[in-house]
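Below is one structure, written out as structure tokens; comments come after it.
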């Protein structure tokens, strides 16, 4: 038993206990320092853990003194370890960015509580990713939901409260459905541990065909609400666009992803391919995913507020992930997970940059942000790299996931999906390119704008630059990452 | 036992429908409290005393207090 | 129109879910899949493993203690968010806008007897949590309720002095941190199979038994009581 | 139909779940919505607890001598739902606090009116 095996648990404990410490400290600078230090140390732990898992293969880690079906356990495979690193890295960058700019969006007295909520949120998301026990996942989901609502509400404007209420109600609906699904599974198998449920379910799913099908659908809808699956996404644009920009970055790049990972874990870990094929429910996910890809982009075209455009783009990008899950092949799921990584890095950078633009100019609407390229050249430059990845330019991660998704859909025999993917890329280009083009070019846009007059200091943009660099790295190293993921899925 | 449980379940269903139909908010809250208390009895019937105690204290007690306070706050603003 | 739609949706949902229920194993049978080796293990071994006579307490504070730890952080998060939403800055001194003060000698005298009784009952439920029904959550709620009664009867000014906000939040954070540290120690030693010293289980059935169970129950009780009191004060005016 | 009569507790809890779902989804009043959420949660708890019940057995508390494995009901659902109740009350408190703030901001707790209002 190596001590490295306990690092996932240590990560969660460190995040939660530092969060509990924060209300006792009055000075906001110290709180920011604690938040940064805890997140950095946690990232290092996640990195060591990933290295360990890569060398020694996946393992189960029991929490407490009792083995699996009696106690709770974590299952740390390559994917989980990778996600641990991704989540902590992105969260660290976002916290680093927010340290300079959070005062402009949140009242001084609430900053301490904001960092507390962020720490709890990241801890709970990692709990959802690591845990191998369904009920434990549910409790972590609830903490995550409350904390993510909290990160929206700190801004304390009327529209935030409205958006949060919508989000909270939809989330509670989702949690209720998930809990009902767990209840069905428990009454059929008598277990809560994912491996044990799977072993029992394979034996008995023919005895309770309807109940199994209903529980699958309950999980898909319940987690679909939380991860903005297409027709259930209507809470997302309000919530993500009204939140402070560092919160929107966390919400859209990490929170949704944790729930999708849980859905993958439930579909492929609890039920397994045999049961899914027997009921052919994956088609629901596939159809909803492709609808989301197109409709999310279509909605995004008509938006006038830059943060709403990015928020609707999230709906479209979640569609890609659901498409990958819905294909039901090993390659499809690997690409879905790869897309989770690529999108997390890209979208957090985009939200932070949009936040920087809004902060410096005071304008939110696209019309007023024309010509921003002269005032904030570096910011818009970074933004356009992210936008290019979303549209799908080779080497960047967006292109790679689209390319492999097309390959996977050919392999699965659904060639029509290629049309959907192409159409969605085209629509992505329709709404991202005007932002970039109007920002950089066009004589009338640039009039009266002073070069670099509003640009942010370089040190405040450093975290975003790191995010963009890591995005390009994800694109370049895509082959290795995808191989690693499919190794982990085996 | 079976008949008694069924009557209790029927009561639960009726009170939940009543919550939905009653126009008066305070009335709905009181009916919900009654619902919680009946749920407590059902759980005691099902031999889950821990849960019954907690539900009586939390579900029927604290939740109702919070609802009533919220209602008071809302009426207070209107005045 | 909307009414018809709502009734339609409800009925469809109920029918779909009932289709699943009709297949599930019969209610109350001994050989249902839910009553498998896991539940048998708990029933057989809880007293030996954890020292608790109440099996449910043994499960929530030892076998599945991680759930309970996360659950306390749910409660903590909720109280922080409610604090964030409803806390108001203190009013300027001299302006007394208190409306809910009750000036009644009978009430005060009765409450002098009643409040300690409620608190003793709550403490009993917490301390006997591993032996009889109850435990930290129920007992903490009862103690929290006694604080609420105290505040209703003696008014805001008085309770602000005896139960000030800064003291309460210190206790809350301290309790939940101590909980995390105690349980984290037990999780990590258990998970890594380290043979570090563990508290002794004592004789099952006595109050001072069950290792961490009693201190954990007290901490949970403290957390719940303070959270409940916070909820009340914040909803009732928002000034702590 | 016979399956439903055998599982009358589960059937009842499913009906409650449906009613709670409808109240949560389709009522306009926020307080009613929150009550609906609570009803939905308690219905799921009832479902769980009913799954743990074994007729004729005792509550899972050892009083006096241990009665053996067959003497007690399944303690797992009780333990899980204890967690569930606390989660539910936390969510309720949060939602109610939001309701108070909504009322202070918009002067109404009817969701359709609030959505119609321009936010700024």
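With only alpha-carbon pairs counted, each pair once and no self-pairs, how large is the Kirkwood hydrodynamic radius of the protein assembly as shown in angstroms? Numbers along the way, then the final one.
Values: mean 1/r = 0.0355 Å⁻¹.
The Cα-based Kirkwood calculation yields 28.2 Å.
On full extension, the segment bounded by residue A:426 and residue A:449 gains 5.2 nm, given 0.36 nm per residue less the C-alpha separation.
For chain A, the longest principal axis of the C-alpha atoms and the axis of helix A:209-226 are separated by about 20°. Compute the label zone of residue C:48 within segment D:67-95: residues whose backbone N is under 13 Å from the point 7 Å along Cα-to-Cβ. Of the residues in segment D:67-95, D:68-69 have backbone N under 13 Å from the label point off residue C:48. The alpha carbon centroids of segment A:1-58 and segment A:341-362 are separated by 25 Å. In plain terms, the residue of C:201, A:467 with the fewest other Cβ atoms within 10 Å comes first and the most crowded comes last, giving C:201, A:467. Seen from every direction in turn and averaged, the convex hull around the alpha carbons of segment A:20-64 projects onto 4.4 nm².
Between segment A:205-265 and segment A:116-137, what's the alpha-carbon centroid distance in Å? Centre-to-centre (Cα) distance: 15 Å. Here the peptides A:447-455, A:53-61 are ranked by packing, the mean other Cβ count within 10 Å, and the order with the highest first is A:53-61, A:447-455. For the pair residue A:40 and residue C:207, label points projected 7 Å from Cα toward Cβ lie 4.9 nm apart.
Round to the nearest 0.05 the FRET efficiency obtained for residue A:287 and residue C:160 when R0 = 56 Å and r is the Cβ-Cβ distance. Mind showing how you got there, number by number?
Working: r = 59 Å, r/R0 = 1.05.
Here the calculated transfer efficiency is 0.45.
For the options D:55, D:108, D:90, a Gaussian network treatment of chain D with springs between C-alpha atoms closer than 10 Å singles out D:55 as fluctuating the most. If you plug the beta carbon distance of residue C:16 and residue A:202 into 1/(1 + (r/R0)^6) with R0 = 25 Å, you get a FRET efficiency near 0.55.
For the segment C:139-152, counting C-beta atoms of other chains within 10 Å of every residue's C-beta and taking the mean gives 2.
Taken along the Cα-to-beta-carbon direction at a fixed 7 Å, the label points for residue A:419 and residue A:302 span 2.3 nm.
Quick check on chain D: helices-only [θ] at 222 nm, where DSSP H runs of length 4 and up contribute -39,500 (n - 2.57) each and the sum goes over total residues. Nearest 500, please. Before the final figure, lay out each step's value.
Numbers: 5 runs with 84 residues, N = 120.
About -23500 deg cm²/dmol.
Test of understanding: ordering A:86, A:16 by Cβ neighbours within 10 Å, fewest first, what list do you get? List each step's numbers first, then the result.
Working: A:86 23, A:16 27.
Exposure proxy ranking, most exposed first: A:86, A:16.
Note on D:103-116: average number of Cβ atoms from other chains within 10 Å of each residue's Cβ is 3.
By the count of other C-beta atoms within 10 Å, a proxy for reagent exposure, D:8, C:42 are ordered fewest to most as D:8, C:42.
When the convex hull of the Cα atoms of chain A is projected onto a plane and the area is averaged over all directions, what value comes out in nm²?
Taking the Cα atoms of chain A, their convex hull projects to 21.5 nm² on average.
In chain A, the longest principal axis of the Cα atoms and the axis of helix A:78-101 are about 30 degrees apart. If you wrap the tightest convex hull around every Cα atom of chain B and split its volume per residue, you get 62 Å³.
Summed over all non-identical Cα pairs, the Kirkwood treatment of chain C gives a radius of 21.2 Å. An ellipsoid equivalent to chain D, defined through the eigenvalues of its Cα gyration tensor, has semi-axes of 40, 18, 7 Å when rounded to whole angstrom and sorted largest first. Which residue fluctuates the most in chain C, going by a Gaussian network model with Cα springs under 10 Å, if the choices are C:58, C:136, C:191? Checking each option, the largest mean-square fluctuation is seen for C:191. Between residue C:2 and residue A:458, the FRET efficiency from the beta-carbon distance, with R0 = 60 Å, is close to 0.60. Spin-label model, residue C:124/residue D:113: points 7 Å from Cα along the beta carbon direction are separated by 4.8 nm. When the convex hull of its Cα atoms is viewed from all sides, segment A:19-138 shows a mean projected area of 8.4 nm².
Could you work out the mean count of beta carbons from other protein chains within 10 Å of each residue's beta carbon in B:2-15? Can you show the working numbers first?
Working: counts 5, 0, 0, 5, 5, 0, 2, 8, 2, 0, 9, 7, 0, 3.
That average works out to 3.
For chain C, modelled as a GNM with alpha-carbon contacts under 10 angstrom, which of C:130, C:40, C:193 fluctuates the most? The residue that fluctuates most here is C:193. When peptides A:368-375, C:225-232, A:459-466 are ranked by their average number of other Cβ atoms within 10 Å per residue, the highest-first order is C:225-232, A:368-375, A:459-466. Sorting A:347-354, A:27-34 by their mean Cβ neighbour count within 10 Å, with the most densely packed peptide first, gives A:347-354, A:27-34. Against chain A, whose longest principal axis is taken from its Cα atoms, helix A:330-361 shows a tilt of about 30°.
Read-outs throughout are calculated quantities, based only on the coordinates presented, and are distinct from any laboratory measurement. Values in this document were obtained by computation on a predicted structure and should not be read as measured data. Reconstructed Cβ throughout: ideal geometry from the backbone, glycine too, with neighbour counts over all protein chains shown.
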